[in-house]
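Below is one structure, written out as structure tokens; the observations come after it.
What follows is calculated from the coordinates using simple rules that are stated; it is not laboratory data. Just so we're clear, the structure is a prediction, and the values are computed from it rather than from any experiment. Note: ideal-geometry Cβ built from the backbone for every residue, glycine included; neighbour counts use all protein chains shown.
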Amino acid sequence: MAPIIQISNIHKHFGSVHALRGVSLEVEKGEVVVIIGPSGSGKSTLLRCINRLEEFNSGSIIVDDIPLDSAKNINAVRTEVGMVFQQFNLFPHLSVLDNVTLAQKVVRMRGKVEATNVAMRLLEKVGIPDKARAFPSQLSGGQQQRVAIARALAMNPKIMLFDEPTSALDPEMIQEVLDVMLNLAREGMTMVVVSHEMGFARAAANRAIFMDEGQIVEIAPPNILFSTPTQDRTKLFLSKVL
């Protein structure tokens, strides 16, 4: 069976900045991959290329056997891929319940009752069913990020992408979001996560990837990458963050 994500020789330029330099990566169905690296290394750019939120200049990406080579295919892939960002991007004028049901009704064409049932089940899953009638301004950062995860899951994605989902949170709120992600990993969700949360990587990831200057420097199971990296650049980075 083909990998659910196939990235081949991707290059991305932002003007004179060569943000991705021939990146290739395959992710198997049900695999959890955590990408680490310094700021500006291309981690988030690579993640955003997977659902074509970022245009790449050359190379190819195939997601669930669908090549990202046409508007029709890009839209098809986006229905399969959920994404959670650093910022929560909730609609401030809508309740939590409405935030989680809106895309279901517009994109998945679900009726109000079905969408509400799905939303409440997922709010239960992320531990905040009691916040269904609250508005984002009434929630902590950790609660808002859990709503964002529930909203993404409501579209029944086959793949979840997380772009530093805990970086905007106060330290005491980080674990509640990581716990939700860890449960998703245990349930077999395919996940690609850009994060500096090494504890999560050790607990949940099948592979950890270190990126620097737009390239993949090293890939290994997290326990091996963090304890016995083979590349000097990886060793230097980890010496500063572990």
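Can you compute the FRET efficiency between S24 and N156 using 1/(1 + (r/R0)^6), with r the Cβ-Cβ distance and R0 = 30 Å? Round to the nearest 0.05.
After rounding to 0.05, the efficiency reads 0.55.
So what's the angle, to the nearest 10 degrees on a 0 to 90 scale, between helix 171-186 and the longest Cα principal axis of the chain?
Approximately 90 degrees, to the nearest ten.
Quick one: grab the alpha carbon gyration tensor of the range 120-226, order the square roots of its eigenvalues as a ≥ b ≥ c, and give me rounded if a/c is under 1.5, else prolate or oblate depending on whether a/b is larger than b/c.
Prolate, since a/c reaches 1.5 and a/b exceeds b/c.
Among the lysines, which have Cα under 28 Å from the Cα of K72 when same-chain residues fewer than 8 positions away are ignored?
Those lysines meeting the cut-off are K12, K29, K43, K105, K112, K158.
Between the range 114-145 and the range 1-60, what is the separation of their alpha carbon centroids in Å?
Distance between centres, Cα-based: 31 Å.
What Kirkwood Rh does the chain have if only Cα atoms enter the pairwise 1/r average? Answer in Å.
Kirkwood radius, the chain: 18.5 Å.
How long is the gain from S8 to Q175 if the chain were fully straight, where each residue apart is worth 0.36 nm and the alpha carbon distance is subtracted?
Going from the current span to full extension adds 56.7 nm.
Residues in the range 142-171 near a label at V107, defined as backbone nitrogen under 17 Å from the 7 Å Cα→Cβ point?
Once the point is set 7 Å along Cα→Cβ of V107, 146-163 turn out to lie under 17 Å by backbone N, inside the range 142-171.
What are the principal axis extents of the Cα atoms in the range 1-112, in Å, biggest first?
Computed over the Cα atoms, the extents are 45, 34, 27 Å.
With a cut-off of 8 Å between alpha carbons and a minimum separation of six or more residues, what is the relative contact order of the chain in percent?
Rounded, it is 27 percent for the chain.
Return the Rg/Rh value of the range 55-197, two decimal places, where both radii are evaluated on C-alpha atoms and Rh is the Kirkwood radius.
0.97
Take the Cα atoms of the range 1-58, find their three principal axes, and give me the spread along each one in whole Å, biggest first.
38, 24, 18
Reachable aspartates and glutamates from K240, Cα under 19 Å, same-chain residues fewer than 8 places away excluded?
Within the straight-line limit of under 19 Å, K240 reaches these aspartates and glutamates: E164, E197, D212, E213, E218, D232.
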